[in-house]
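*Asks:* Dropping a structure here in structure tokens format, bear with me for questions.
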Amino acid sequence: MTDKPVRGRPRQYDPQRALAAALGEFRRRGYSATSLDHLTEATKMARPSLYAAFGNKFDIYRKAVQQYADSSVAARHHALMEEPALAKGLATYFSLIIDAYVPPGSDPLGCPILSVISGEAAADPDIREELASALDRTDDRFRQRLEKARMRDEIAPETDIEGLVALLAALQHSLALRARAGADRAELEALTDATIALILKAAGYRA
């Protein structure tokens, strides 16, 4: 008895590479300025194949961002949550953020979410929801780390956690905006160091 032949043609693309290429276009051009022609050229996929594999333009963007997040979240989580010292954890976390916003050997690209879709959020409810969800996740990460620091007596019991969450989130958003505007790594690092120092002082950080 012979095996039955496999029906259909084998997949001729690498999904991970295709999504990475698509995200590169979104980050360089912005969401609105990235056309399907740009995406087909970047991914080397015909438009029908692109739709069949990933869906419409927003689906492509969302899946590309999810892949990006999956590849980077572990290192950032470890830096923020597993590093025993709050000061070092914040410094390492934001160093990884700057790596992402200003990739070595590349033009500054900013955040793949804040720098790409914020301009469309007011007019598109799906994009607004995606942006709001990303902001909430950022706030939650900082809140968890500061609560952990308070439980370990790294910061004063009366520390205004929500106020510091807002400042840390504002720092991350500012880095995204400044990177998108062309700021270099040295400028972003100086801003980060100064802001973290102020936040730790406000929290009564005990090294």
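The values are calculated or read from the model by the stated rules, or taken from the named source; none is laboratory data. Every value quoted in this text rests on a predicted model; they were computed, and no experiment measured them. Quick reminder, even Gly has a Cβ in these numbers, built from the backbone with ideal geometry, and neighbours come from all protein chains shown. With ligands, DNA and RNA removed, areas are computed over all heavy atoms of the protein, side chains included. Shrake-Rupley method; radii C 1.70, N 1.55, O 1.52, S 1.80 Å.
*Asks:* Only one of (1) within 20 Å of residue 81 (Cα to Cα); (2) modelled with pLDDT under 95 is not met by residue 180, so which one is it?
*Replies:* (1)
*Asks:* So, one more: Report yes if residue 167 is in contact (Cβ under 8 Å) with a residue 12 or more places away in the chain, open to solvent by 70 Å² or more (accessible area, probe 1.4 Å) and in contact with a Leu (Cβ under 9 Å, 6 or more places away or on another chain), otherwise no.
*Replies:* Against the criterion (in contact (Cβ under 8 Å) with a residue 12 or more places away in the chain, open to solvent by 70 Å² or more (accessible area, probe 1.4 Å) and in contact with a Leu (Cβ under 9 Å, 6 or more places away or on another chain)), residue 167 qualifies.
*Asks:* Here's a follow-up. Mind listing whichever residues of region 39-64 are in a helix (DSSP H, G or I) and more than 11 Å from residue 22 (Cβ to Cβ)?
*Replies:* Across region 39-64, the qualifying residues are 47, 48, 49, 51, 52, 58.
*Asks:* I'd like to know if region 37-48 contains one or more residues that are in contact with a helix residue (DSSP H, G or I) (Cβ under 7 Å, 6 or more places away or on another chain) and hydroxyl-bearing (Ser, Thr, Tyr).
*Replies:* yes
*Asks:* Quick one: in region 39-48, which of the residues that are surrounded by 16 or more Cβ atoms within 10 Å (Cβ to Cβ) and either among the hydrophobic types (A, V, I, L, M, F, W, C) or in contact (Cβ under 8 Å) with a residue 12 or more places away in the chain (or both) is nearest to residue 118 (Cα to Cα)?
*Replies:* 39
*Asks:* Further, regarding this structure: Regarding residue 139, is this residue of a type in the set (Asp, Glu) and open to solvent by 60 Å² or more (accessible area, probe 1.4 Å)?
*Replies:* So residue 139 does not fit the description; no.
*Asks:* Name the single residue that is most open to solvent (accessible area, probe 1.4 Å) among those in region 79-124 being within 23 Å of residue 153 (Cα to Cα), touching a Gly at 6+ places or on another chain (Cβ under 9 Å) and not small (Gly, Ala, Ser).
*Replies:* Among those that are within 23 Å of residue 153 (Cα to Cα), touching a Gly at 6+ places or on another chain (Cβ under 9 Å) and not small (Gly, Ala, Ser), it is 82.
*Asks:* Right, here's the next one. Out of all the residues in region 63-78, is one or more more than 29 Å from residue 191 (Cβ to Cβ) and touching a residue at least 24 places away in the same chain (Cβ under 8 Å)?
*Replies:* Yes, region 63-78 contains at least one residue that is more than 29 Å from residue 191 (Cβ to Cβ) and touching a residue at least 24 places away in the same chain (Cβ under 8 Å).
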